Amino acid sequence: MKKLVGTLAVSILLFANMGDASAHSGGTDRLGGHFRTKDCVYMFHHPTSAVTGKTQGTIVQLITKYNSNKKCTRSLTTKKVMWNTVKYKK
């Protein structure tokens, strides 16, 4: 019986804390995205009006201008941007 109660208590604690994990702090720059630090890929979460309707090249220039991560902005190309949430001109 004690073993069952102990197992249940541990299970409840594990499941109760599962929702607390997050990938990052949620901070984004003024364009609505951030760099993934492990590979310097720029990810848009909530693109702002500053990037909507622009060309990919223009958006890369804006990211370079407004993001403070100098290590990642130096090597930024259109291939290192996740475009799936951005409405841009082709």
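Restricting things to alpha carbons, find the Rg to Rh ratio for the range 36-84 using the Kirkwood radius for Rh.
Over the Cα atoms of the range 36-84, Rg/Rh equals 0.91.
What are the residues whose amide H is under 5 Å from the amide H of His45, where those residues sit 5 or more places off or on another chain and H is modelled from the backbone?
Excluding prolines and chain starts, which carry no amide H, the hits are Gly33, His34.
For the range 74-81, what does the Karplus curve 6.51 cos²θ - 1.76 cosθ + 1.60, with θ = phi - 60°, yield as ³J(HN,Hα) per residue in whole Hz, taken in order and with x for Gly and Pro?
4, 10, 6, 9, 5, 6, 9, 10
Once you list every other residue whose beta carbon is under 14 Å from the beta carbon of Thr48, what net charge do they have if Lys and Arg are +1 and Asp and Glu are -1?
+3
From the phi angles alone, apply the Karplus equation (6.51, -1.76, 1.60; θ = phi - 60°) to the range 34-49 and give each ³J(HN,Hα) in whole Hz, x where the residue is Gly or Pro.
Whole-Hz 3J(HN,Hα) from phi for the range 34-49: 7, 8, 7, 5, 5, 9, 6, 8, 8, 10, 8, 9, 9, x, 8, 5.
A short reminder: the numbers here are calculations on the coordinates, not readings from a lab. Small disclaimer: the values here were computed from a predicted structure and weren't measured. Neighbour counts are summed over all protein chains in view; Cβ atoms, including those assigned to glycine, are modelled from backbone coordinates with ideal geometry.
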